[in-house]
Amino acid sequence: MATPEQEQEQGGQILVCVDLSSQDVDASVALVRKACLDCGFFYLINHGIEEEEFGEIYEESRKFFDLPIEEKMKVFRNEKARGYTPFEDETLDPFKQTKGDCKEGYYIGPEASESESCLANPFHGRNQWPSPDLLPAWRETMEKYYQHALSVGRRVIRLIAQALNLDATFFEKPGLMDAPMAYIRLLHYSGEVSNPEVGIFGAGAHSDYGMITLLSTDGVPGLQICKRKDEIPQVWEEVQPVKGAYIVNLGDMLERWSNGVFRYAPITSGYHLLERYSQSYKGIISMST
């Protein structure tokens, strides 16, 4: 079986691969630091989430996106940024795009109680859920995965803290991750052929907010990154999916917090020929910071 590095060599690009189950913490920290100094992207394997659970996520995601548009619009994204976003609803790079992103999505955040949803923080609120009559397992599947991915994210952030020569628990100080604002983002790309020359993208160039993003895919390629975002012209490189692995990338908040020592690379889906699904888990920090 090919290692992630070998698989990436076949695709013409190599990302660092971090084994979250490794007992050699110093080696893992060194790999994370190498990746974060370079482009802020790395693979994460043996993270504890089984392929069966990923399969459940994608099965339920497909079921929702296969619903008639009338049903999906019943949970259209609300003022708390929870719910459904239709095709072309988002335009991530308005300077280059001539139409919205060729994708539809669904936002799921931390579930707040009725009292918490009245707080001044604009991101506190209740999630929207598809009808249980149509998708009886949907909410349970997503809420279970939300907690599992949050646990993985916390472990990755400990490695990042150590890579910055800080204590492993530095980002666990009161007020930082005691009320994390992390979102599951389910995505469905239509399969429309992107044409950057005329401003048509699966997803326009953008950075992720927050500290980190944990990205998984259905195995269909489409993600591109720009390692040297300040160079002209920019060079976009394909990141191949690796079965069972997360693709981890830094958010712009972490680049700022590290005074630019750790870097994030802009992301796009500048081309795609096949319909595909992905899901990301992003943020993982208190919005009060």
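The values are calculated or read from the model by the stated rules, or taken from the named source; none is laboratory data. Only a predicted model underlies this, so the values are computations on that prediction, with no experimental measurement involved. Ideal geometry is used to build each Cβ from the backbone, glycine not excepted, and the neighbour counts take in all protein chains shown. Ligands, DNA and RNA are stripped out before the accessible areas are found, and what is left, the full protein with its side chains, is counted by its heavy atoms. Shrake-Rupley method; radii C 1.70, N 1.55, O 1.52, S 1.80 Å.
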Kindly list, by first and then second residue, each pair from a residue in the stretch 37-59 that is part of a helix (DSSP H, G or I) to a residue that is open to solvent by less than 10 Å² (accessible area, probe 1.4 Å), limited to pairs with Cβ atoms under 7 Å and residues at least 6 apart or on different chains. 37/262; 53/145; 54/216; 57/145; 57/279
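Counting only residues that are more than 18 Å from residue 215 (Cα to Cα) and within 20 Å of the chain's Cα centre (by Cα), which one in the stretch 34-48 is surrounded by the most Cβ atoms within 10 Å (Cβ to Cβ)?
If we filter the stretch 34-48 for residues that are more than 18 Å from residue 215 (Cα to Cα), which is where we start, we get 34, 37-38.
Of the ones still in play, those that are also within 20 Å of the chain's Cα centre (by Cα) are 37-38.
Working: 37: 13, 38: 16.
Checking each candidate, the answer is 38.
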Going by what's in this entry, would residue 22 be described as part of a loop (DSSP other than H, G, I, E, B) and at pLDDT 95 or above? yes
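For the stretch 220-270, which positions are of a type in the set (Gly, Ala, Ser) and either in a strand (DSSP E or B) or open to solvent by 40 Å² or more (accessible area, probe 1.4 Å) (or both)?
Of the residues in the stretch 220-270, the ones of a type in the set (Gly, Ala, Ser) are 222, 244-245, 251, 258, 260, 265, 269-270.
Residues satisfying the conditions are 260, 269.
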